[in-house]
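The values are calculated or read from the model by the stated rules, or taken from the named source; none is laboratory data. Bear in mind that the values here come from a model prediction, so they are computed numbers and not experimental data. As a convention, Cβ positions derive from the backbone with ideal geometry for all residues, glycine included, and neighbour counts pool all protein chains shown. These area figures cover heavy atoms from the full protein model, side chains too; ligands, DNA and RNA do not enter into them. Shrake-Rupley method; radii C 1.70, N 1.55, O 1.52, S 1.80 Å.
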Amino acid sequence: MTYDVAVNGVWLSEHGAALFERRLPVLPETDDNTVKLANTDGVVDFGASYGPRTIGLTFEITSSAAEFHRTLAYLARTFNSKRGEITLEFADMPGKYYVATYAGTLTLGATGSRLIDVNLRMNDPWPVGPEVITEFTISASPTAVEIESEADVRARPIITMSNNGVATVHGFTITNEYVLE
């Protein structure tokens, strides 16, 4: 398996920067919501939420010595923080997109090194997948339709209904059920 990363759909290995190392934590850090009350031991815990997820990438510059600085300039343009959010897709995880912003500095290793580090931050710490659109026609009443989510984290689906017929729809029911294990 060749490890590679596409930034906004462009594979960086095609521009002389091979993905050498990826630091992608399994879960982002938590932000604990606690309050210390006067004259009591400990704290009151109001739960926790996830903070931003950091991603560290190390690239090996594989271009020739004559193209070395051109590749560095390409990386600087690609990860420029003024571009805003960028989308990453890793070759070994196709269909999972990490939306991140540049956070740090592009640093080369020691003198003569062809390794360069890039630090990114995901403000929304969860990767996204391709949008799934399911369309169907309901022509009889009552009709039950099941829509299954393949995600492992609850998501907010968007359900759009439209009436293409001449009859008025007098009511409908949407039931949202989660199977508890």
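Using only the alpha-carbon atoms, how far is helix 68-78 inclined from the longest principal axis of the chain? Give it as 0 to 90 degrees, nearest 10.
30
Provide the FRET efficiency to the nearest 0.05 for the Ile158-Val43 pair, computing r from the beta carbons and using R0 = 41 Å.
Details: r = 39 Å, r/R0 = 0.94.
With a Förster radius of 41 Å, E is 0.60.
Report the longest stretch of the chain that contains none of the trypsin sites (Lys or Arg not before Pro) sitting in a DSSP loop with at most 12 other Cβ atoms within 10 Å. Numbers along the way, then the final one.
Numbers: sites that count: Lys36, Arg154.
Answer - 37-153.
Give, in nm to one decimal, the length gained when the segment between Leu115 and Ala66 is fully stretched (0.36 nm per residue of separation minus the Cα-Cα distance).
This chain segment gains 16.0 nm when fully extended.
According to the Cα gyration tensor, what semi-axes, each the square root of 5 times an eigenvalue, does the equivalent ellipsoid of the range 63-110 have, listed from largest to smallest in whole Å?
After diagonalising the Cα gyration tensor, the semi-axes are 23, 15, 10 Å.
Using a 1.4 angstrom probe on heavy atoms only, work out the carbon and sulfur share of the accessible area of the chain in %.
It is 52 percent, rounded to a whole number.
Would you kindly state how much longer the chain becomes between Lys96 and Val35 on full extension, computed as 0.36 nm times their sequence separation minus their alpha carbon distance, in nm to one decimal?
Stretched fully, the Lys96-Val35 segment lengthens by 18.3 nm.
Kindly provide log₁₀ I(q)/I(0) values, in the same order as q = 0.11, 0.13, 0.21 Å⁻¹, from the Debye equation applied to equal alpha-carbon scatterers of the range 37-124.
The calculated log intensity ratios at q = 0.11, 0.13, 0.21 Å⁻¹ are -0.46, -0.57, -1.09.
Expressed in whole Å with the largest first, what are the equivalent ellipsoid semi-axes of the range 1-153 derived from the C-alpha gyration tensor as the square root of 5 times each eigenvalue?
Numbers: eigenvalues 270, 168, 28 Å².
They are 37, 29, 12 Å, listed largest first.
So what J values fall out for the range 17-31 if you push phi through Karplus, 6.51 cos²θ - 1.76 cosθ + 1.60 with θ = phi - 60°, rounded to Hz, Gly and Pro as x?
With the stated coefficients, the range 17-31 comes to 10, 8, 5, 9, 8, 10, 10, 10, x, 4, 10, x, 5, 9, 10 Hz.
Which ³J(HN,Hα) values, rounded to whole Hz and listed in residue order, are derived for the range 116-123 from phi using the Karplus coefficients 6.51, -1.76 and 1.60 in 6.51 cos²θ - 1.76 cosθ + 1.60 with θ = phi - 60°, glycine and proline given as x?
9, 9, 10, 10, 10, 10, 9, 5
What number, in percent, do you get for the relative contact order of the chain if the mean sequence gap of Cα pairs under 8 Å and at least 6 apart is divided by its residue count?
Answer for the chain is 20 percent.
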